[in-house]
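Have a look at this one before I ask anything.
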Amino acid sequence: MDSAAVRFGGGAEGAAKAGPPLLCWFEQCRSESVPLVGGKCASLGELINAGVRVPPGFALTTEGYRRFMAEAGIDRELKRLLDRLDCQDMEALENASASIRAAIEAQPFSAEMEDLVAENYRRLSLRCGVPAVPVAVRSSATAEDLPGASFAGQQDTYLWIRGTDEVLAHMRRCISSLYTGRAIAYRANRGYDDEQMAISVGVQKMSNSYTAGVMFTIHPANGDRSVIVIDSSFGFGEAVVSGEVTPDNFVVNKVTLDIIDRTVSRKEVCYTVDLQTQVSRAMEVPIERQTVQSLIDDEITELAWMGKQIEKHYGRPMDIEWAVDKDLPSGGNIFILQARPETVWSEKRQAPIANPGASAMDYILSGMLAGKRVT
Amino acid sequence: MKFPNPHEVKAKTIPGTEGWERMYPYQYQFVSDDPVRNQYEKDTFWFADGLHYPEPLYPFDTIWDEAWYLALSQYNNRIFMVPPVRGVDHRIINGYVYISPVPVKDPEEIGKRVPHFMERAGYYFKNWDALEAKWTVKMEAAIRELEALQIPKLPEMEDLSVVTDAIGESQGYHLLKSYDDLINLGIKCWQYHFEFLNLGYAAYVFFLDFVQKLFPSIPPQRVTQMIAGVDVIMYRPDEELKKLAKLAVELGVDGTLTSSPAWTQVAAALAASAKGKQWLAALDAAREPWFNVSTGTGWFHHDRSWNDQMDVPLSGIATYIGKIKQGVSIERPTEKVRAERDRIIAEYRGLIDKEEDRKQFDELLGCATTVFPYVENHLFYVEHWFHSLFWNKMREVGAVMKEHGMIEEVEDIWLLRRDEIKQALWDVVTAWATGVTPRGTKVWPKEIVWRKGVMQKFKEWSAPPAIGTAPEVIQEPFTIVLWGVTNKSLTDWSAVQEVKDPDSITELKGFAGSPGIVEGRARVCKTVAEVGQLQEGEILVAPTTSPSWAPAFAKIKACVTDVGGVMSHAAIVCREYGLPAVVGTGHATKVIKSGMMLRVDGSSGVINIVR
């Protein structure tokens, strides 16, 4: 275990003795860590522990959140503001939300917590070999998994954040996202107790992707479970996800990991970061690179292998976002950004191909009678 | 999908070959004087059987085509009553064989055939192992009979025993009879050849079909890998070479074996020492039957066996000795192959979501695994062992004909049809008995010279892969699995017709035979005699390969063939050795030249020529 985590209260497993930690590295999280680090961070931790390479990072735990709210005195303020709030009164609701959010964003963390975050961020930068490593700061809600509870914590994400102060500021912005008017009203209507609500914030290395894309561990076109299908294009995954480019497409045999089909497309646009403005922007791919295969074969195989491990871990076909980081040397530069269960084919109840009780002879006969259609 | 009209293709006679039709049986002709047959031929889909006949057929070699024309068709249509298909019809244009599966069109008739098929095919499937054991006995008996068959020479005077034993038959009669016996044995052996083959392929085809429904993207090579036997006898000849190589090193005669590529010299040197004699004794034990393996597919008279061309196994033994000396293992990784097969089966099975489908998978896999050894093993018995002996018996017949002036060289006999040979033998025998000159001495040598010219022109002709009208549905299992007639191959075939300049081709497509991608220099070997030129790490480009090519695979990086599917020898061996293979490219040996840089992708079946 990382020595820093021990010093600052240990990981999830150390929680029983020392009390829950304020911060926690992703690798210390598991699926069951949702109450502590929220769904997003827990799932990243689960992936890391399944042997999957995920961009490293840490989470402000719900305990850290509570500590912040208490130390800054916001929890009392919160109770005062929310107790007498009429959620039907939109103006009052927005006013309350605005003052809570302003309070959260204006209050600094305690010196102890600032030190904790600064130390983790420093270590993260060290691990990545990038000074003041750019990170994504995003909220990781504990109630995300509740059916229809998607407003419980708004999905705030801030990309390309650099430097301790910026990280701290954006962590507070994520926290404040728990108190949008809409979120408050939603919880009130559903009868969730605001005092019981907690949020976690993830701080994760930005993948400076040379190439990125998506991967399905099932054929999205025909539901074939024996293949892994990869869409890939230069730059950030946005170009692929938004459908702005026709990505390269690779079909990999899941059992043997050989590439059984490949289509290399013309990729005219890629997304890259403007470090000045910290926003990603589209740019034209140089003409000579447009038709170059955006992943080399070894990367395709490695990626497919990772997809297979993830599917095995979750026991079902998965829909995965990935990136190849240009800051890191090959052999350790392919990262999984997100993995969620595939839903389209998995939820389709398909009839079996076999007729129940049919012998091999029955099948051969019916096959012969049907023949092979040629058109 | 429309392909060239067969009658129009045939009508463009190659100048100088007019009258070629007489080289083949008359029923093989596309006709214009019979309107009904003419219409049938137009409406039918014919594809060139490039798998078996990459080159035009010599008149005598047509025997095996006739043999399987009969045998395959009868088993489908008269014995097992395969409901929707009859037999496979045959034609010849310019020496190239075109075939076409014949469907049963009347649904009522199909229905009537179903119970018979279930009873008959079901019986074979149920009793497969016992019936296959009987088959081996029958087949070996036929081979023994062939070995024992004497082709008599015609004596000046019959032996006295003809009188004293009151035999009452002359050598002239026996020559005619032996020729008939020889031909009949050949035909019988091909009756056996198909006894299990149709059903064997059906079990394979429908296992493949089922797995492809479960996993639409599964490469057929993976399905083959699930059912391929590890200990099939096809590997035995190569195993014998390895054993002999090891023995040579143990006995210290390896230097002698590698001292010359000429077997006669090596054999003489070995016979001079005690250790050498010991090695020769081991060789003799291995030669029968394993050196009856053909250096080709066994389908043609020019496919000689190892026993006929000892230089070929010698070069294989030398290659293995070299490997042993380098400390490289020459053992087949059978355990690894078996473990990989089991892993692949288990993984695919684990991806099947539904219980019913898993059960059907197990059933069909079990059935295919039972029948598959036959599909692989029959080749050694029929095409290699039997054929190698058969061709040599025919050479004895040729020697008699030469002796009587009917042909100038023994090898000229292949330019005659088997019924012409029978007729010529009658000519020889009656003239011998009578004491006159056979008429044929002035007929056949001239005809043979002309036929040789025709064969040369046929070789230069490129046969369109498909002619006639493509059907909507193909039900004949062989057509699907063996010749790979599918939508894709039809499209590829029509594309090939459009290529005018072979030098402009930079990409060739075939079947993905064995996965992996490599780049390297091409070495085109048209026959096994040329594999000696292979350098370590080259890519072998061959018309097709057979077990006698096995030692070549120890040297190469990848393999490309003109003909063959995922079950062809090249594909199977490459999968074992972990080498990429693209098979059934159609014309790789024509397009690729030795020394060209190739990129072979055995996973997608694409070859790129780096020009």
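The values are calculated or read from the model by the stated rules, or taken from the named source; none is laboratory data. Every value quoted in this text rests on a predicted model; they were computed, and no experiment measured them. Here Cβ is always computed from backbone atoms with ideal geometry, including for glycine, and neighbour counts include all displayed protein chains.
For the stretch B:385-411, which residues satisfy the criterion of being touching a Phe, Trp or Tyr at 6+ places or on another chain (Cβ under 8 Å), of a type outside the set (A, V, I, L, M) and part of a loop (DSSP other than H, G, I, E, B)?
B:His404, the sole residue that qualifies.
Separate question: Only one of (1) touching a residue at least 12 places away in the same chain (Cβ under 8 Å); (2) surrounded by 15 or more Cβ atoms within 10 Å (Cβ to Cβ); (3) more than 21 Å from the chain's Cα centre (by Cα); (4) more than 14 Å from chain A (Cβ to nearest Cβ) fails for B:Trp391. Which number is that?
(3)
It is to be established whether one or more residues within the stretch B:575-584 are in a loop (DSSP other than H, G, I, E, B), surrounded by fewer than 22 Cβ atoms within 10 Å (Cβ to Cβ) and either touching a Pro at 6+ places or on another chain (Cβ under 8 Å) or modelled with pLDDT under 90 (or both). Even if it seems obvious, please write down each step before you answer.
Narrowing the stretch B:575-584 to residues in a loop (DSSP other than H, G, I, E, B): B:578-580, B:584.
Now narrow it down to the ones that are surrounded by fewer than 22 Cβ atoms within 10 Å (Cβ to Cβ): B:578.
Imposing the further condition that a residue be either touching a Pro at 6+ places or on another chain (Cβ under 8 Å) or modelled with pLDDT under 90 (or both) reduces the set to B:578.
Yes, the stretch B:575-584 contains at least one residue that is in a loop (DSSP other than H, G, I, E, B), surrounded by fewer than 22 Cβ atoms within 10 Å (Cβ to Cβ) and either touching a Pro at 6+ places or on another chain (Cβ under 8 Å) or modelled with pLDDT under 90 (or both).
List the residue pairs whose Cβ atoms are under 9 Å apart, where the first residue sits in the stretch A:79-108 and is within 14 Å of A:Leu178 (Cβ to Cβ), the second is of a type in the set (S, T, N, Q) and part of a loop (DSSP other than H, G, I, E, B), and the two are 6 or more positions apart or on different chains.
Pairs that qualify, where the first residue is within 14 Å of A:Leu178 (Cβ to Cβ) and the partner is of a type in the set (S, T, N, Q) and part of a loop (DSSP other than H, G, I, E, B), are A:Ser97/A:Thr180; A:Arg101/A:Thr180.
A follow-up question, please. Does B:Ser494 meet the test of being modelled with pLDDT under 65, surrounded by fewer than 18 Cβ atoms within 10 Å (Cβ to Cβ) and under 19 Å from B:Asp562 (Cα atoms)? Steps first, answer last, please.
Details: modelled with pLDDT under 65: yes; surrounded by fewer than 18 Cβ atoms within 10 Å (Cβ to Cβ): yes; under 19 Å from B:Asp562 (Cα atoms): yes.
Yes: the conditions hold for B:Ser494.
Quick check, is B:Val382 touching a Ser or Thr at 6+ places or on another chain (Cβ under 9 Å), more than 14 Å from chain A (Cβ to nearest Cβ), β-branched (Val, Ile, Thr) and part of a helix (DSSP H, G or I)? Give the derivation first.
Values: touching a Ser or Thr at 6+ places or on another chain (Cβ under 9 Å): no; more than 14 Å from chain A (Cβ to nearest Cβ): yes; β-branched (Val, Ile, Thr): yes; part of a helix (DSSP H, G or I): yes.
No.
Here is a yes/no grid of residues against (1) touching a helix residue (DSSP H, G or I) at 6+ places or on another chain (Cβ under 7 Å); (2) aromatic (Phe, Trp, Tyr):
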{"residue": "B:Gly16", "(1), (2)": "yes, no"}
{"residue": "B:Tyr26", "(1), (2)": "no, yes"}
{"residue": "B:Val36", "(1), (2)": "no, no"}
{"residue": "B:Ser73", "(1), (2)": "no, no"}
{"residue": "B:Arg78", "(1), (2)": "no, no"}
{"residue": "B:Met81", "(1), (2)": "yes, no"}
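Return the pair list, or none, for Cβ contacts closer than 7 Å from residues in the stretch B:136-161 that are free of Cβ contacts under 8 Å to residues at least 12 places away in the same chain to residues that are among the aliphatic types (A, V, I, L, M), at least 6 apart or on different chains.
Here the result reads B:Ser161/B:Ile167, each pair linking the stretch B:136-161 to a residue that is among the aliphatic types (A, V, I, L, M).
Please enumerate the residues belonging to the stretch A:67-98 that are surrounded by 13 or more Cβ atoms within 10 Å (Cβ to Cβ) and polar (S, T, N, Q).
Keep residues of the stretch A:67-98 that are surrounded by 13 or more Cβ atoms within 10 Å (Cβ to Cβ), which gives A:67-69, A:71-72, A:74-75, A:77-78, A:81-82, A:85, A:87, A:92-98.
Result: A:Asn95, A:Ser97.
While we're here: Is at least one residue of the stretch A:322-333 under 29 Å from B:Gly578 (Cβ atoms) and assigned to a strand (DSSP E or B)? Lay out the reasoning, then the answer.
Here is the first cut: in the stretch A:322-333, the ones under 29 Å from B:Gly578 (Cβ atoms) are A:322, A:324, A:329-333.
Filter once more, so that each one left must be assigned to a strand (DSSP E or B): A:322, A:324.
For the stretch A:322-333, residues under 29 Å from B:Gly578 (Cβ atoms) and assigned to a strand (DSSP E or B): present.
Every residue, every condition in (1) more than 20 Å from the chain's Cα centre (by Cα); (2) buried (at least 19 other Cβ atoms within 10 Å of the Cβ), yes or no:
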| position | (1), (2) |
| --- | --- |
| B:Val82 | yes, yes |
| B:Gly95 | no, yes |
| B:Glu119 | yes, no |
| B:Ala148 | yes, no |
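Let me ask something additional. What about B:Val102, is it among the aliphatic types (A, V, I, L, M), crowded, with 21+ Cβ neighbours inside 10 Å and within 25 Å of the chain's Cα centre (by Cα)? Walk me through how you get there before you give the answer.
Values: among the aliphatic types (A, V, I, L, M): yes; crowded, with 21+ Cβ neighbours inside 10 Å: no; within 25 Å of the chain's Cα centre (by Cα): yes.
The answer is no for B:Val102.
Looking at B:Pro471, is it assigned to a loop (DSSP other than H, G, I, E, B), under 28 Å from the mean Cα position of the chain (by Cα) and away from every other protein chain (no Cβ under 14 Å)? Steps first, please.
On the way: assigned to a loop (DSSP other than H, G, I, E, B): yes; under 28 Å from the mean Cα position of the chain (by Cα): yes; away from every other protein chain (no Cβ under 14 Å): no.
No: the conditions fail for B:Pro471.
Taking the stretch B:224-246 on its own, how many of its residues are modelled with pLDDT under 90 and under 30 Å from A:Asn222 (Cβ atoms)?
Residues flagged as modelled with pLDDT under 90 and under 30 Å from A:Asn222 (Cβ atoms) within the stretch B:224-246 amount to 4.
Would you tally the residues in the stretch A:221-238 being hydroxyl-bearing (Ser, Thr, Tyr), in a strand (DSSP E or B) and within 7 Å of chain B (Cβ to nearest Cβ)?
Of the residues in the stretch A:221-238, 0 are hydroxyl-bearing (Ser, Thr, Tyr), in a strand (DSSP E or B) and within 7 Å of chain B (Cβ to nearest Cβ).
Could you tell me which of the residues B:Pro464, B:Pro445, B:Pro438 is surrounded by fewer than 17 Cβ atoms within 10 Å (Cβ to Cβ) and either under 17 Å from B:Ile151 (Cα atoms) or not polar (S, T, N, Q) (or both)?
Numbers: B:Pro464 fails: surrounded by fewer than 17 Cβ atoms within 10 Å (Cβ to Cβ); B:Pro438 fails: surrounded by fewer than 17 Cβ atoms within 10 Å (Cβ to Cβ).
Step by step, each of B:Pro464, B:Pro445, B:Pro438 is checked, and only B:Pro445 is surrounded by fewer than 17 Cβ atoms within 10 Å (Cβ to Cβ) and either under 17 Å from B:Ile151 (Cα atoms) or not polar (S, T, N, Q) (or both).
Answer yes if at least one residue in the stretch B:256-276 is in contact with a Leu (Cβ under 7 Å, 6 or more places away or on another chain), charged (D, E, K, R), more than 23 Å from B:Leu389 (Cβ to Cβ) and assigned to a helix (DSSP H, G or I), and no otherwise.
Checked the stretch B:256-276: at least one residue is in contact with a Leu (Cβ under 7 Å, 6 or more places away or on another chain), charged (D, E, K, R), more than 23 Å from B:Leu389 (Cβ to Cβ) and assigned to a helix (DSSP H, G or I).
From B:Gly537, B:Gly564, grab the single residue that is at positive phi and either at pLDDT 85 or above or among the charged types (D, E, K, R) (or both). Quick ask: steps written out before the conclusion?
Values: B:Gly564 fails: either at pLDDT 85 or above or among the charged types (D, E, K, R) (or both).
Residue meeting the stated conditions: B:Gly537.
Select from the stretch B:117-144 the residues that are within 12 Å of B:Leu199 (Cβ to Cβ) and within 14 Å of chain A (Cβ to nearest Cβ) and list them in ascending order.
B:Phe117, B:Arg120, B:Ala121, B:Gly122, B:Tyr123, B:Tyr124, B:Phe125, B:Lys126, B:Asn127, B:Trp128
Restricting attention to the stretch A:281-297, which residues are in contact with a Ser or Thr (Cβ under 8 Å, 6 or more places away or on another chain) and surrounded by fewer than 16 Cβ atoms within 10 Å (Cβ to Cβ)? Don't jump to the end; show me each part of the working.
Of the residues in the stretch A:281-297, the ones in contact with a Ser or Thr (Cβ under 8 Å, 6 or more places away or on another chain) are A:281, A:283, A:291, A:294-295.
A:Arg281, A:Met283, A:Thr291 - these are the residues of the stretch A:281-297 that are in contact with a Ser or Thr (Cβ under 8 Å, 6 or more places away or on another chain) and surrounded by fewer than 16 Cβ atoms within 10 Å (Cβ to Cβ).
Looking only at the stretch A:239-260, filter to residues that are surrounded by fewer than 17 Cβ atoms within 10 Å (Cβ to Cβ) and at negative phi; which one of those is nearest to the other protein chains (Cβ to nearest Cβ)?
Among those that are surrounded by fewer than 17 Cβ atoms within 10 Å (Cβ to Cβ) and at negative phi, it is A:Asn249.
A further question follows. Please determine whether any residue of the stretch A:309-320 is of a type in the set (Asp, Glu), in a helix (DSSP H, G or I) and within 14 Å of another protein chain (Cβ to nearest Cβ).
Yes, that holds for at least one residue.
Considering each of A:Glu13, A:Glu77 in turn, give the residue that is modelled with pLDDT of 80 or more and either within 30 Å of A:Met318 (Cα to Cα) or not β-branched (Val, Ile, Thr) (or both).
Working: A:Glu13 fails: modelled with pLDDT of 80 or more.
Being modelled with pLDDT of 80 or more and either within 30 Å of A:Met318 (Cα to Cα) or not β-branched (Val, Ile, Thr) (or both) holds for just one of A:Glu13, A:Glu77, which is A:Glu77.
Here is a further query. Hey, among the residues in the stretch A:325-373 that are within 14 Å of chain B (Cβ to nearest Cβ) and over 29 Å from A:Ala221 (Cβ atoms), which one's modelled with the lowest pLDDT? Spell out the reasoning first.
We begin by selecting, within the stretch A:325-373, every residue within 14 Å of chain B (Cβ to nearest Cβ); these are A:342, A:345-373.
Among the residues that remain, those that are also over 29 Å from A:Ala221 (Cβ atoms) are: A:357, A:359-362, A:365.
Numbers: A:Gly357: 76, A:Ser359: 85, A:Ala360: 85, A:Met361: 84, A:Asp362: 87, A:Leu365: 85.
That would be A:Gly357.
Let me ask something else. Residues of the stretch B:351-378 being of a type outside the set (A, V, I, L, M, F, W, C), more than 8 Å from chain A (Cβ to nearest Cβ) and farther than 22 Å from A:Pro317 by Cα, which ones?
B:Asp362, B:Thr369, B:Thr370, B:Pro373, B:Tyr374, B:Glu376, B:Asn377, B:His378
Another question, then. Please tell me if B:Lys590 is surrounded by fewer than 23 Cβ atoms within 10 Å (Cβ to Cβ), closer than 23 Å to B:Asp49 by Cα and either touching a strand residue (DSSP E or B) at 6+ places or on another chain (Cβ under 7 Å) or of a type in the set (D, E, K, R) (or both). It would help to see each step written out before you state the result.
Values: surrounded by fewer than 23 Cβ atoms within 10 Å (Cβ to Cβ): yes; closer than 23 Å to B:Asp49 by Cα: yes; either touching a strand residue (DSSP E or B) at 6+ places or on another chain (Cβ under 7 Å) or of a type in the set (D, E, K, R) (or both): yes.
In short, yes.
Of the numbered conditions (1) within 14 Å of chain A (Cβ to nearest Cβ); (2) more than 14 Å from B:Leu379 (Cα to Cα), B:Gly200 satisfies every one except a single condition; which is it?
The single condition B:Gly200 does not satisfy is (2).
Residue by residue through the stretch B:324-344, note down the ones that are surrounded by 17 or more Cβ atoms within 10 Å (Cβ to Cβ) and at pLDDT 90 or above.
Kept after step one, since they are surrounded by 17 or more Cβ atoms within 10 Å (Cβ to Cβ), are these residues of the stretch B:324-344: B:324, B:330, B:332, B:337, B:341, B:344.
Correct list: B:Ile324, B:Arg341, B:Ile344.
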